[in-house]
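Visitor: Sharing a structure here in structure tokens format.
Throughout, read-outs are computed from the coordinates displayed, never taken from laboratory work. None of the values given here were measured: they were computed from a predicted structure. Glycine gets a Cβ as well: all are built from the backbone with ideal geometry, and neighbour counts include every protein chain shown.
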Amino acid sequence: MKGLAPVFVVVTAMAAVPFLGVSNVTLNFLVVALMIALAGQGWNVLGGYGGQYSFGHAAFFGTGAYVTAVLQVRYGVNAWFAFGLGIAGGALVGAVVGGLTFRSGLRGSYFALVTLAFAEVLRISASVAPITGAGVGTLVKLDLHVAALQFGSRAAFYWMILTLVAMALIVTRLIERSRFGVWLVAVRENEDAATALGVNATAIKLAAMVISGAITAAAGCFYVQYFLFIDSGLAYGTWISIEALLTPIIGGVGTVFGPLLGALVVRGLGEGAQTVTGGNAPGLDLVVYGCALVLIIGFAPRGLIGWLAQWRHRRMRPAALAETGHD
Amino acid sequence: MLSPSILIAAIVNGLLIGAVYALVALGLTLIYGVLHIINFAHGALLTAAMFAAFFGYRMLGIDPYLAVFLLAPAFFAIGYALQRFIIGPASHGDDRNMLLVTLGLAVIIENALLFAFRADTRTIDLPYAFGGLDLGFAFVPWPRLIGFGAVFVVALALWLIMSATDTGRAIRAVAKEKLGAELAGIDVAHIYAVTFGLGSACVAIAASLLIPSYYVNPTAGNAFVLVAFTIVVLGGMGSVPGALIGGLLIGVVENLCSLLFGESLGQIGIFVLFIVVLLVRPSGLFGARA
């Protein structure tokens, strides 16, 4: 379990938050931020470590959400079981999309476009198919029992999403330290060179996409249990595709804690923008997100974590840096 | 079953709307051909130009078709500045960063418009917009007909710029071999920005042609750009004739699909076509290289 200590420290510290007497509004903010962080953690496995920038992670989020909701509402499946199947559904969509795109050798702009197109096809299909409730959406019945995976208190939901985030942190850390993770980074840095050295790039990217899809789908499953409602725009809309890629890039792309830090900062900024204007400013929070994205790429391409590390580095070794220029 | 006259009318209408799609796609494919990235801000720029054309008519009484001569240079300047001062410097020469910066710009522009004008849908009524040409088998409204003609004028103008001017030659040189062009003394950052400006000017012209017969709201441009992505892929990324033929083809396919299967399935038809072309023949139907 070497290398997992930081994960345990951060998660334990965050688990104590509900005991500090914070308001329900704050707790609600944290729950949503953690849910976005989870979606971003999924994106980070494929985009951050594998270098495959997906613009359509809504395909996974939405599939997780719809599988969880539809199985419960239409087929009376237990919520816990439906939740698990939702995650499996995301992994399956990842396998299908990844299998098709990576085998065709799509990279860069092409990969971004084709993932976007898959999410759009799913969105339009969900907006007309009867099984998803078409335009009306699907409402999950309120049933505040642990067996139905619904809780009366915000704190319980908070611990639930924190557990999921913690699991994703551990998975990410294990990937980072594994042979698979090294291959994945090799593919990101130079796919042709990695292939020449005997790495099966297609299989590696496909595996990353399956894991990525499963993690982001878990965020969608949680969305349904928390809000008890889903429709095609919420499930497969571009908002979640954008937030899933925004959080790791702002926080630190290809780092374990990047998506978590990014989600808290980004959501905090959005909330701040809405508070300043009295909540009567549609779109302003997204303007702030967009500016944050452009500024981070322009001034700190390795995200906040990279920027902090560089800053600390510079403070500790000013003399050495003066010799070599900047890092 | 459907009578031939309905089918012909659908095809004619598809060709007419396809011409405007082609114009949006022309800007996108031009930028891709030189910068090798998909400009995700294309749709937001289209929406912004539509708002500009709308308010130009409402506030100042400028006819949208005359506004072209103001909007095209204005959006050339905006596009030039965006690439020169934001996208270029912020992306540090990395393609993935470039994609993300254009996506960030799209989010900013679209939501700034939402913030300023709310989600209301606006239309303008031109006195002559409802008239048209009766071909006997199909009725062609004037705005569509003017749009159709204008697209070919723009394509011709672009072709002249590309083949007969020094800037055009420099653009083609950078598109073919960036390093070589740089060594030959071409200012690549400037050429990138000029290309982005030309692409944005295409979008401004498309907006002026659309506004008499279409509506505008903060997401109006997105519908066209998703279609334009499809056209660019279909026609071969970076291919100008491909964008023209692809645009007309997609216009017809969409109209026929909507007629046969209903509106939303018509849209799915386009995306499925898009995914299949990407997977099977990523270089496009007319493109030479991947």
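Visitor: Work out the mean other chain Cβ neighbour count within 10 Å for the residues of A:110-123 and drop it here as an integer.
Guide: Average per residue, whole number: 5.
Visitor: If you count, for every residue in A:293-300, the Cβ atoms of partner chains within 10 Å of its Cβ, what is the mean?
Guide: 6
Visitor: Working from Cα positions, state the angle (0 to 90°, nearest 10) between the long axis of helix B:166-176 and the longest principal axis of chain B.
Guide: 80
Visitor: Per-residue Cβ counts within 10 Å, from other chains only, averaged over A:284-291: what number is that?
Guide: 6
Visitor: Provide A:Met167, A:Met209 in ascending order of the number of other Cβ atoms located within 10 Å of each residue's Cβ, fewest first.
Guide: If I rank by nearby Cβ atoms, fewest first, I get A:Met167, A:Met209.
Visitor: Then there's this: To the nearest 500 deg cm²/dmol, what mean residue ellipticity at 222 nm is calculated for chain B from DSSP H runs of n ≥ 4 alone, each contributing -39,500 (n - 2.57), summed and divided by the residues?
Guide: -25000 deg cm²/dmol
Visitor: Could you tell me which of rounded, prolate or oblate describes the stretch A:193-327, using a ≥ b ≥ c as the square roots of the eigenvalues of the alpha-carbon gyration tensor, with rounded for a/c under 1.5 and, failing that, prolate when a/b is larger than b/c and oblate otherwise?
Guide: Since a/c reaches 1.5 but b/c is at least a/b, the shape of the stretch A:193-327 is classed as oblate.
Visitor: Another question, if that's okay. So what is the relative contact order for chain B, in percent, with contacts set as C-alpha pairs under 8 Å and at least six apart?
Guide: This gives 38 percent for chain B.
Visitor: Compare the peptides B:218-224, A:152-158, B:24-30, B:242-248 by average per-residue count of other Cβ atoms within 10 angstrom and give them in order, highest first.
Guide: The most tightly packed comes first, giving B:24-30, B:242-248, B:218-224, A:152-158.
Visitor: Helix B:188-210 versus the longest principal axis of chain B: what is the Cα-based angle in degrees, 0 to 90, to the nearest 10?
Guide: 10
Visitor: Quick check on the stretch A:16-97: take the gyration tensor over C-alpha atoms, sort the square-rooted eigenvalues as a ≥ b ≥ c, and tell me if it's rounded (a/c under 1.5), prolate or oblate.
Guide: Note, shape of the stretch A:16-97 comes out oblate.
Visitor: Using mean Cβ contacts within 10 Å as the protection proxy, how do A:120-128, A:85-93, A:213-221, B:232-240 order, highest first?
Guide: A:213-221, B:232-240, A:85-93, A:120-128
Visitor: So what's the gap between the Cα centers of the stretch B:4-66 and the stretch B:148-165, to the nearest angstrom?
Guide: Using only Cα atoms, the two centres lie 15 Å from each other.
Visitor: Right, next: Using only Cα atoms, tell me the angle between helix B:220-235 and the longest principal axis of chain B; keep it within 0 to 90° and round to the nearest 10.
Guide: Computed tilt is about 70 degrees.
Visitor: Let me ask something additional. For A:Ile170, B:Ile37, what ranking results if the residue with the fewest other Cβ atoms within 10 Å of its Cβ goes first?
Guide: The fewest-first ordering by Cβ neighbours comes to A:Ile170, B:Ile37.
Visitor: Could the peptides B:104-111, A:200-207 be put in order, highest first, of the mean number of other beta-carbon atoms found within 10 Å of their residues?
Guide: Order by mean packing, descending: B:104-111, A:200-207.
Visitor: Scan chain A and note any complete DSSP helix (H) whose C-alpha atoms cover at least 30 Å along its axis and whose Kyte-Doolittle average is 1.0 or more.
Guide: A:79-103, A:108-128, A:154-177, A:201-227
Visitor: Follow-up. From the Cα gyration tensor of the stretch A:5-238, with a ≥ b ≥ c the square roots of its eigenvalues, which class applies: rounded if a/c is under 1.5, or else prolate if a/b is larger than b/c, or else oblate?
Guide: oblate
Visitor: Ok, one more. For the stretch B:32-140, run through the chymotrypsin sites (Phe, Trp or Tyr not before Pro) and keep only the ones in DSSP coil with at most 13 other Cβ atoms within 10 Å of their Cβ.
Guide: Answer by residue number: B:Tyr128, B:Phe130, B:Phe137.
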